[in-house]
Each structure stands twice: as C-alpha cells, then as structure tokens.
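J.: Take a look at the following structure, please.
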Amino acid sequence: MNVPVEAFVILSMVLFTLGAMGVMLRKNAILVFMSVELMLNAANLALVAFAKQWNDIGGHTFVFFVMTVAAAEVAIGLALIVAIFRHKQSINIDDLHQMEG
Amino acid sequence: MGVDVLLFLVVGALAVGCAIGMLISDNAVHSALFLIANFGCVAFMYLMLDAPFIAMVQIAVYAGAIMVLFLFVIMLLGAEQSHDTTTVTFRWLTGAATILGASLLFALGLPLVIGGFQLPETAGRAPLLRVVNAGVSLVRTQEIAPAEPAAAATADPAATAEAPAAAPAEVVRFSGEVQVTLTGGSLSEPLVLNNVPFGEATDFFDVPAGDYTVQLLRQEDGQIMAAPYPLTLAADSVTTLTLFGEYDFEARKLLKLVPVANSLAQVGNDEGRFILFNAYTPQTLSFIDLGPDQAINTTTRDGATVLLDTVIAADIAFEGAPVTGTYREGTYSLALINSDLEIIHRLDNYTITADTEKTLLLMPDGEQPVPADADPDSGGIQFPAGFTFRSTVLPGLVFDTEPSFGSPLGIGRILFTVYLLPVNLVGLLLLVALVGVIVISRPSGEKQERRANIRRRVSRPLVNVIAQQTGGEVTTETPKLGSGDGS
C-alpha cells in the first residue's frame, strides 16, 4: 500500500474539525447529534490508521467499542430529542437553553 | 501516482465534501444523506487500512442502522427544515466557531507537523537468535605413536627414527563445547554464551536488532575457532547461527558460521515446514518421503533412473543456502539421499506437525576417527565410505494459527479473550440504553391513567351484556372452600 498512514490521520483530523464545527454552528439538535457522529467516525478512522501503523489489532477492538457506545448513545439521544419535542414542540437548541420542566 | 493514492485522494475529498455538505445543508434529511455518504467513504478508508471487518460493521451499523434511526426521527418530528431564525442574531458565532475549528485543526495537527508528517517507525519484535554447535575439532592423539621399545631402538636405530613418521598420530574428531561472544549492536557489554555443547541448539533468545560481530572460542582454552563473523540481525527475524566444519589448530582450519534464517511466513494449515542445511557432506542432497514401503523406489525411463518417491526439498548443497520444504502433517519415513540415490540419513516414524517449522541440520557425528588418507589441506571434508551422518532436527518455531490482521476471526478472538470484560460491559450498556429508551419515550403518566379508566368502563357493561344474553345474573361468587365441613 502506497498511501502513507499519515494521510489517513490528516483526513481524520479534518473530519473531526468539521464535526466539531457542526456541533458549534448548527442549531438543530438532530444535526448537532449527526456532527457528534462525524467526530466519532473521525476518531475511529484515526484508531484504525494507528492500528495499521503499529500492526496492533487492539485499535480495531476499540473502534468496535466506540461503535457500540455510539449506537447506544444515538438511541438514548434520539429518544431524548423525541421527548423534548413532545414537550416543547421544538428541537432548536436555542429554545432548549433553559432546562425547566 | 499509484492507483491507491488516487483512490485515497478522490474518496478522501468526497468524505470531506460530504461532511461540509452535511454542515451547510438547510434540509436535515439532506444532511443525513450526506452523512451516510461520508460514512461510506470512511468505510472505504477502513478497507484501504486492512480493516475489512470494521468497514463492514461501519456500513451495517453506522450507515445502516444509526442513520435510519436519524432519518426516522427527523421525519417523525417533521424537522426537515431548520428554522434557524437565531442565526441572524448570532451571526458573529459563525466566525467564532470557524476560528475555534481552525485552532482545533492546528492543535490536532501540531504533533504531525512537529514530527515532519512522519509517524514513528514500528519497532517490530526483537530478533530471536540461537546458536547450534555442529563443528568438530580435529585432535591428534600423540600417544598412538609412542617411542619404540629400547631393544628395538638399539637393534635398528634407523627404524626407530622413522617409526613416528611412518605411523602418524591418529586424528580424532572431537566435539567439544564452544564459547560464543556477540559484540556490537546496541549491547553495552558483550553477550557471552558459555558451554555451547556439540550437536545441540541453545534456546532462542532476544537480541536487539543491529550489526554484531561473532567471536568463537574453544571453551576449554579460549583458542579462536573461527574468524570474526559479521552478523546483521533485523527486527522480526529468527536466526539459527550454525557453526560447522572442522577445526584443526595445526592445519589452521577454522570453523565456519552460517546464519540459517527461519521463515516467519505462515505455513499452510495442514503442513509443516523444514529448513534444511547441509553442514557436513560435500554431496548435494535431497530430502524425500520414502513412502509406505520405507525404501527408495525408482524406475527407468528413457535410460535414466527416475525417483518415484516424493521429494520434499532438493538441491541441499554443502554450505549452500538453506533449503525450505513443506510437507503435509503426519508420520512418515523421511530420508536424506544423495544424487546417487543412496540414503545418507533417515528419519523413521518422524511426525510432522502442522504449523511448525523445524530446522534440519546435517552434521558430522560426534567422535569418529579421520581416515588415514584424509588430506588435511583439502577444502572439503573427507569421510569414509559408509560413514554414518548425524542429522539433527532442531526444535523449531510453532506457529499459532493466528488469523490475518483485521479479519473477523482476529477481532473476534481478541474481543473474547483479552477484552472479554469490556465486551460484557458494553453489552450491559446496550441493555441499559434499551431500557432507557423505553422509559424516556413511554407515554406520560396522565394518559396512561385515562387509558386504564376507559378499559374499566368498558368492562362493566360487558358483564351486563353477558347477563342479558344468558338470561340470568352473572354471579361472581366463588365457591367457599371448607363450608361443607363446618356444618
């Protein structure tokens, strides 16, 4: 394989930054969530790249765990969004800055 | 530019483009679709990084399950259009977030920039080395030619003067212990192996990778037995340093050293591998399976004799490069034969184990006299007809059937051995998440109560309906137990 592992790390860096900007910029709670998923994916890409570099399959295992935790987090997060929407009729995070019931 | 670099650039640009598209698109459904495309691109990257299992899980779990959940919630809530009225009032936030993002990118990339966009090289496993002493010393036994009796000496002085010359000292091969010293490399002090016995291999030991000089001394008196030998050991290598030949102090014959490298490549699942090295006979040998009849089978074809037995390895030349041969596991009668189809040495009932690598050395037998017509100055080693050789199958490497890197088998094995506890914890986490989702999304309390009331109201007229149809009252009395006994 001619592509250096560093290139994958740089790609993962760029994707992570884009995800972080999404979290900061978007007002839609679902989009914030999607940006978090993008960041998790960027971290996974870095893990797989380093696993390749060090020839250590432990990195793959960690990606596996990150994916599992992400799945659980998405399920809970989306359930929360649905519950909040039912209560406030909005998922704009600027409308949710007060946590009153 | 190779195809893979081109693919990386295209798919990487696509991934970044999809991420930006997700960020700036107004429609949440479009954002979700962009994100699915991005996950697909990342899955491709996983494939390029030799992680096929992770790539498939990425597509199935992320691009499949998680994104379907997202799309489902977006459409359930009707949140396709983001009513970003607030962005107008907080426009400065965009600039601030961009600056923050840029600084994050810089902070993340700083280690790479400092390292010159070069990740540290993988160290690899320390080289393994062992030493095999297959060399013999030639010892001249002086007591074989003692002075003739005095009577004879007086009778024929000329004969006594010639007697020691006519009966030269018998030369005996002596297999003694040697001392091996490794200097150089990153060793702070020389590595000394004492008392390496004849015909045996030391255990494998770790040596830091590097360039070494090997010194070979006779254990008993410290005489130099071989010229200093330069030995380079690379990471991840397994080497059997073989000392062989004949050592004769008077004839200035020195032992030779040859590093026999073990192959670290995986053997087939049902095969064992032999690394053969001829450290003794000037003949070129072949390693064959004698078959069930335990004898050499030949046939004559076009005037030439053709060997019918299976040849495992051929062209095993004296001091030549080590020859590798693989053979199916099982118990066989194996033999080393020369070009005249004579058995030089045989291994009867030898069991070949799968996924192992053994080193087979052909070396001189321990203590044998050198024939009288031996020429000590000839390059080759002399041996009488019918001389029995000794071949030693050194314990070799045993390969675990380790699954290939990144395969489902490999990940599964490590998940259920080293990471068993985290796997269980993650399973517990998923269970908690499942319960959490049910609790969070359950209908609120009052609605539940109302539904219960409705059910109760319906159940009452139902009793009346039954009473009307049967023409009698529906008794809900239960028969009282024990009332008959009381009267």
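J.: What is the number of the single condition among (1) under 19 Å from B:LEU35 (Cβ atoms); (2) facing chain B (nearest Cβ under 7 Å) that A:LEU40 does not meet?
T.: (2)
J.: Here is a list of conditions, (1) at pLDDT 60 or above; (2) in a loop (DSSP other than H, G, I, E, B), and B:ALA374 meets all of them except one; can you say which number that is?
T.: Against the list (1) at pLDDT 60 or above; (2) in a loop (DSSP other than H, G, I, E, B), B:ALA374 comes up short only on (1).
J.: Return the only residue of B:LEU421, B:LEU415, B:LEU409 being within 25 Å of B:ALA51 (Cβ to Cβ) and within 7 Å of chain A (Cβ to nearest Cβ).
T.: Of B:LEU421, B:LEU415, B:LEU409, the one residue that is within 25 Å of B:ALA51 (Cβ to Cβ) and within 7 Å of chain A (Cβ to nearest Cβ) is B:LEU415.
J.: Consider B:ASP206 carefully, then state whether it is in contact (Cβ under 8 Å) with a residue 12 or more places away in the chain and in contact with a strand residue (DSSP E or B) (Cβ under 6 Å, 6 or more places away or on another chain).
T.: Here the answer is no, as B:ASP206 does not meet what is asked.
J.: Right, next: I'd like to know if segment B:81-93 contains one or more residues that are at pLDDT below 90, of a type in the set (Gly, Ala, Ser) and touching a helix residue (DSSP H, G or I) at 6+ places or on another chain (Cβ under 8 Å).
T.: Yes, segment B:81-93 contains a residue that is at pLDDT below 90, of a type in the set (Gly, Ala, Ser) and touching a helix residue (DSSP H, G or I) at 6+ places or on another chain (Cβ under 8 Å).
J.: Just a yes or no: is a residue in segment B:380-401 within 14 Å of chain A (Cβ to nearest Cβ) and either surrounded by 14 or more Cβ atoms within 10 Å (Cβ to Cβ) or at pLDDT below 85 (or both)?
T.: yes
J.: Now for a separate question. Please count how many residues of segment B:435-450 are polar (S, T, N, Q) and either in a helix (DSSP H, G or I) or at pLDDT 90 or above (or both).
T.: Of the residues in that region, 1 qualify.
J.: Residue under question is B:VAL458, and the condition is that it be in a helix (DSSP H, G or I), surrounded by 15 or more Cβ atoms within 10 Å (Cβ to Cβ) and either facing another protein chain (nearest Cβ under 8 Å) or at pLDDT below 90 (or both); does it hold?
T.: no
J.: Continuing with the same structure: Out of B:ALA102, B:ALA37, B:ALA107, B:ALA43, report the one residue that is without any contact (Cβ under 8 Å) to a residue 40 or more places away in the chain, in a helix (DSSP H, G or I), out of contact with any Pro (no Cβ under 9 Å at 6 or more places or on another chain) and within 9 Å of another protein chain (Cβ to nearest Cβ).
T.: Only one candidate passes the filter, namely B:ALA102.
J.: Looking at (1) under 26 Å from B:GLU200 (Cβ atoms); (2) surrounded by 14 or more Cβ atoms within 10 Å (Cβ to Cβ), which is the only condition B:LEU290 fails?
T.: For B:LEU290, the failing item is (1).
J.: Further question: Specify the residue that is surrounded by the most Cβ atoms within 10 Å (Cβ to Cβ); the eligible residues are those in segment A:54-101 that are facing another protein chain (nearest Cβ under 7 Å) and at pLDDT below 85.
T.: It comes out as A:ILE91.
J.: A further question on this structure: I need the full set of residues from segment B:198-218 which are within 18 Å of B:LYS256 (Cα to Cα) and at pLDDT 80 or above, in order please.
T.: The answer is B:THR202, B:TYR212, B:THR213, B:VAL214, B:GLN215, B:LEU216, B:LEU217, B:ARG218.
J.: Further, regarding this structure: Regarding B:VAL73, is this residue within 16 Å of A:VAL36 (Cα to Cα) and either out of contact with any strand residue (DSSP E or B) (no Cβ under 6 Å at 6 or more places or on another chain) or facing chain A (nearest Cβ under 7 Å) (or both)?
T.: Here the answer is no, as B:VAL73 does not meet what is asked.
The values are calculated or read from the model by the stated rules, or taken from the named source; none is laboratory data. This one's a predicted model, so the numbers in the text were calculated from it and none came from an experiment. Methodologically, a virtual Cβ is constructed for each residue, glycine included, from the backbone with ideal geometry; neighbour enumeration extends over all protein chains shown.
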